[in-house]
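One structure below.
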There are 2 protein chains.
Amino acid sequence: MNDSTSHDIDQACQLAAAAADTFAASTAAQRATLLRGLATALEGARDTLVPLADAESHLGPARLNGELDRTCFQLRGFADQVEAGAHQAFSEDAAVAGAPPAGRPRLARARVAVGPVAMFAASNFPFAFSVLGGDTASALAAGCPVVIKAHPGHPQLSRATFALATAMVSVLGLPEGTLQMVQGAGIDVGVALVRHPAIEAVAFTGSVKGGVALQREANARVRPVPFYGELGSINPVLALPAALAANGPALATALAGSITLGCGQFCTSPGLVIVQDDAASQAFVQQLGEALAAARPHAMLHDGIRANFEAGAARVQGHEGVHTHVAGDEDAATPQPRLFATDAATFIASETLHEEVFGPSALVVTTNSFDESLAVLRAVQGSLTVTLWGADADTPDNRRLVRAAQGISGRVLFAGVPTGVAVTAAQQHGGPWPSSTQAFSTSVGYAAMERFLRPVALQDAPQWLVDAKGQA
Amino acid sequence: MNDSTSHDIDQACQLAAAAADTFAASTAAQRATLLRGLATALEGARDTLVPLADAESHLGPARLNGELDRTCFQLRGFADQVEAGAHQAFSEDAAVAGAPPAGRPRLARARVAVGPVAMFAASNFPFAFSVLGGDTASALAAGCPVVIKAHPGHPQLSRATFALATAMVSVLGLPEGTLQMVQGAGIDVGVALVRHPAIEAVAFTGSVKGGVALQREANARVRPVPFYGELGSINPVLALPAALAANGPALATALAGSITLGCGQFCTSPGLVIVQDDAASQAFVQQLGEALAAARPHAMLHDGIRANFEAGAARVQGHEGVHTHVAGDEDAATPQPRLFATDAATFIASETLHEEVFGPSALVVTTNSFDESLAVLRAVQGSLTVTLWGADADTPDNRRLVRAAQGISGRVLFAGVPTGVAVTAAQQHGGPWPSSTQAFSTSVGYAAMERFLRPVALQDAPQWLVDAKGQA
């Protein structure tokens, strides 16, 4: 595919800017119809889109059909939210007579669509985090035009999906600028997009390196704009002894499945396992290793990701104090899962071991006590998720563990595995750096809309504007 | 006063970190008691604190007594909010049986205190935006320890206020690290504070230059943290012809009062007045000029601010296409108000004229049409407020005006003047860059707490944690 020229990018952004007021003023019914129409169009083209996606991503039809379902569910979920008025949070404070500070004018708090959003598609979810994925759905629900930066990993799928979307925008009589798309294999197209003065916010899912580079551009603008980046995460799983004693084999199987799911190319893929040394944890690690050694994940998204995986695994393997539990063959046709092991002190002291290895690899840290496990967890910088097995009882130690888990992550699980992110109102997909650039926001779930709705107070506003919840 | 040493800063941050878990786990009653206790202590020391503040700021006892009242009102308001549970927003989604995407685990969305907050006091509000001002009150309400960076403009007042606060913290048996203070005249102390790894968020009120420098430090940390900066704002007032025809003289008087209030040292001081050329607007500008020429504001906060004011006013005065309507004497003992005038094209083309002149100065832009007034408004980068006079009727033009005002600001007023910021739940004190570094947050009003409460999803959480709304 040809990279978009600077003229193409400018035109896309200008069209989005021209559409912004009209689309912000669209009714809930119009937005819901668009979102549902996009879901219907995706489903209707399933037999074309899934093979395209498979050819470009190697993720396999089963996973890709499920991902398409998820994408449609998400679009329809945002439609429901908009119809329920979730995008129009509005509160009023009546005037109070008298002098300040108690006396005050009539004030209302509305939320307004922020304007054109630049949306960077991810490679690892060619439907759910791409052209019509959660970022696009939430921005449209908020009333913001979207300029999509297609991911170069699936150009044909991106174009086919975008063609469906533009047809739907046109059929519904919405402005052409409601959805625009640019494409480019290098960083230049993305940089030009983030720098464009019409862009009011950026949503990004991808690597720490790419995210940091684009965030720097967003901050360096004459008028900096919010950069919502979802970057890297090691998703610790901390197992307390009782959980492994009671249920070790099943947990080992479940965890191996989570580590290898989608060839480990999930943002919530567990990369760190913390256990206390005892007979049950030794058996658990043994079982986990056997399950990983037997797993045969599919090919990775592209050769660059495979090369990065092998390099990352080699870095861990060669690290002092790290024992290789499952050694994959780096030259195998498809990537082979890895399992490494180390002790608490080695992990805590090493920056290298805190970094994500994107792919089917995990590091077990075996500790000598609860406090040491807690210290390992606290050494993690920031993560999308923390999973705690066996921390259900209300004890002082478990409370310390929960506080530590909350301190470094955006989602704490008490059962199951972190892969699989439910699309609900309560979901939080975003944690402290480097898992997100804005840990107070989420990129999955209905609160994702809030990233594109800026609060504005209205003082002594006329009644028509109050009745319209501040939407002029 | 002696600058805090790096050892002092480290100790303050370490104490705050040590207090974080305990204070986050404090009950609503404990926090409310602290906040009310601080208000009572401030009021009890009024006869000492107000003269100290006046000696250090020149703001005068009337204003300073009012500001102390506002600060106490704010502390008590946050106490009420905490008692009402406003800091513990919590939502739950029940589990749904079946496969994803519809099937899902039980999820709850809680908010957790982010941890130690670095709070940079401002010079222009020695009570309300200083040691125990809105940033401190909202962080304490959220359950976060605060490390205060005292403003060097009022060191004695800062120390006296902090002494009251530490005594209250001690009396209530709260950890010493709940409130800490560091001080320093240069940027070094602030930089060291922002860089400290224990700091989890920064709240800042001050200049664009200082804010940008500190924001850069917050972003450059190994683990970047949110930087909530409230920087500069020109607060446009746009008057439509009918408003001036109906009520010009009263509006001119009110506006002159707002421009000169506190010697123009308010973040919401109006610096730009947009009128359409007609007889009424000419009379209005004439009256505004007369009122400003007759005003005699008190001395500015310190000599540096005065020098900056005179330099800023001189820059506007010497700008091509700008007419000086009220020329103050730059050598007068106290600053003399200025009024400048220009046309739409000159304003729109000039970056200089878009910058805030901190002090009692305003620029009138006279336009030839509604559309030209709208274009002038749209040329403003970002502002805390926009005031629209005469835009109450529900017309297409007024809707365009409201959308433009919402697009560049965080508060739109339809009557009155922008100085005076009510402390309510609906308030929004923060707009697009450069008025704020995080336009989605507010530094005044009860929503200010949200800056320090990070969402965390809890998946399949035990009931005790759900019952505690996620507070472990």
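Read-outs: derived from the displayed coordinates by stated rules, not from any lab. Keep in mind that what you see is a predicted model, and the values were worked out from it rather than measured. Quick reminder, even Gly has a Cβ in these numbers, built from the backbone with ideal geometry, and neighbours come from all protein chains shown.
Once label points are set 7 Å from the Cα along Cα→Cβ at both A:E351 and B:S91, what is their separation, rounded to one decimal in nm?
It works out to 3.9 nm between the two label points.
Could you state the orientation-averaged shadow area of the convex hull built on the Cα atoms of region B:291-368, in nm² to one decimal?
5.1
Taking Cα centroids, how far is region B:400-472 from region A:209-228 in Å?
Spelled out, the Cα-based centre of one part sits 22 Å from the other.
Output the relative contact order of chain B, whole-number percent, from Cα pairs under 8 angstrom with separation of 6+ residues.
Reported relative contact order: 18 percent.
Quick one, can you get me the convex hull of the C-alpha atoms of chain B expressed as volume per residue in Å³?
Details: hull volume 75.5 nm³, N = 472.
Expressed per residue, the convex hull around the Cα atoms of chain B is 160 Å³.
Report the local net charge at B:H87: Lys and Arg +1, Asp and Glu -1, summed over other residues whose C-beta lies under 13 Å from its C-beta.
+2
Taking θ as phi - 60°, what are the ³J(HN,Hα) couplings along region B:349-360 by the Karplus curve (6.51, -1.76, 1.60), each to the nearest whole Hz, with x for Gly and Pro?
My calculation for region B:349-360 gives 7, 10, 5, 4, 6, 7, 8, 5, 9, 6, x, x Hz in order.
Which far-off residues, 5 or more places away or on another chain, put their amide H under 5 Å from the one on B:M300, with H placed in the peptide plane?
Under 5 Å from the amide H of B:M300: no residue qualifies.
Just the number: Rg to Rh for region A:162-256, Cα atoms, Kirkwood Rh, two decimals.
On the way: Rg = 21.2 Å, Rh = 17.2 Å.
Ratio of gyration radius to Kirkwood radius for region A:162-256: 1.23.
How far, in whole Å, is the nearest Cβ of chain A from the axis relating it by rotation to chain B, and which residue carries it?
A:N219, 3
Hey, fewest Cβ within 10 Å first, where do A:I234, A:I148 land in order? Working shown, then result.
Details: A:I234 25, A:I148 28.
Final ranking by Cβ density, sparse to dense: A:I234, A:I148.
If Lys and Arg each add +1 and Asp and Glu each add -1, what is the summed charge of the other residues whose beta carbon sits under 9 Å from the beta carbon of B:S138?
-1
Going by Cα centres, region A:141-157 and region A:182-196 are how many Å apart?
Here the answer is 12 Å between Cα centres.
For B:K149, A:K469, A:K209, what's the fewest-to-most ordering of other Cβ within 10 Å of each Cβ? Intermediate values should be presented prior to the final figure.
Details: B:K149 27, A:K469 17, A:K209 11.
Least crowded to most crowded, the residues run A:K209, A:K469, B:K149.
Apply the Karplus curve 6.51 cos²θ - 1.76 cosθ + 1.60, θ = phi - 60°, to the phi angles in region B:307-321 and return the couplings in whole Hz, x for Gly and Pro.
Listing the rounded values in order: 4, 5, 4, 5, 5, x, 5, 5, 4, 5, 4, x, 6, 4, x Hz.
For label points placed 7 Å from Cα toward Cβ, what is the shortest-first list of nm distances from A:V466 to its copies?
Nearest to farthest, the other copies are at 3.9 nm.
Can you tally the net charge around B:A113? Count Lys and Arg as +1, Asp and Glu as -1, for every other residue whose Cβ sits under 12 Å from the Cβ of B:A113.
Working: positive: A:R403, B:R31, B:R111, B:R451, B:R454; negative: B:D21, B:E200, B:E450.
Summing Lys and Arg as +1 and Asp and Glu as -1 gives +2.
For region B:236-413, give me the percentage of DSSP beta bridges that are antiparallel, rounded to the nearest 5 percent.
The antiparallel proportion sits near 10 percent.
If you wrap region A:236-413's Cα atoms in a convex hull and average its projection over all directions, what's the area in nm²?
Answer in nm², one decimal: 9.1.
Nearest 5 is fine: what % of DSSP beta bridges in the protein assembly as shown come out antiparallel, could you say?
Counting DSSP beta bridges with both partners in the protein assembly as shown, the antiparallel share is about 25 percent.
Obtain the radius of gyration and the Kirkwood radius of the protein assembly as shown from its C-alpha atoms and give Rg over Rh. Please report the intermediate quantities before stating the final value.
Numbers: Rg = 28.5 Å, Rh = 29.0 Å.
Taking Rh as the inverse mean 1/r over Cα pairs, Rg/Rh reads 0.98.
Over region B:236-413, what is the relative contact order in whole percent, taking alpha-carbon pairs under 8 Å and six or more residues apart?
For region B:236-413, the relative contact order is 28 percent.
Based on other C-beta atoms within 10 Å, arrange B:T385, B:T437 from fewest to most.
B:T437, B:T385
Using modelled backbone amide H atoms (1.01 Å from N, in-plane), which distant-in-sequence or interchain residues come within less than 5 Å of A:T367's amide H?
HN-HN under 5 Å from A:T367: A:V275, A:Q276, A:D277.
Cα centroid distance between region B:288-321 and region A:79-108, in Å?
Here the two parts' Cα centres lie 36 Å apart.
What nm distances, shortest first, do you get from the label point of A:A393 to those in the other copies when the point sits 7 angstrom along Cα to Cβ?
Spacings between copies for this position, smallest first, are 7.4 nm.
With loop defined by DSSP as not H, G, I, E or B, and exposure as at most 12 other Cβ atoms within 10 Å, which is the longest segment of chain A clear of exposed GluC sites (Glu not before Pro)?
Answer - A:1-319.
In deg cm²/dmol and to the nearest 500, what is the mean residue ellipticity at 222 nm of the protein assembly as shown if only DSSP H runs of at least 4 residues count, each as -39500 (n - 2.57), divided by the residue total?
-14000 deg cm²/dmol
Indicate, rounded to the nearest 5 percent, the antiparallel portion of the DSSP beta bridges found entirely in chain B.
Just about 30 percent of them are antiparallel.
Determine, at each q value in 0.12, 0.23 (inverse angstroms), the log₁₀ of I(q)/I(0) that the Debye formula gives when each Cα of region B:1-117 is one equal point scatterer.
For region B:1-117, the Cα-only Debye profile gives -0.72, -1.16.
Which distances, in nm and shortest first, link the B:A294 label point to the same label point in every other copy, taking 7 Å along Cα→Cβ?
Its label point is 9.3 nm from the equivalent points in the other copies.
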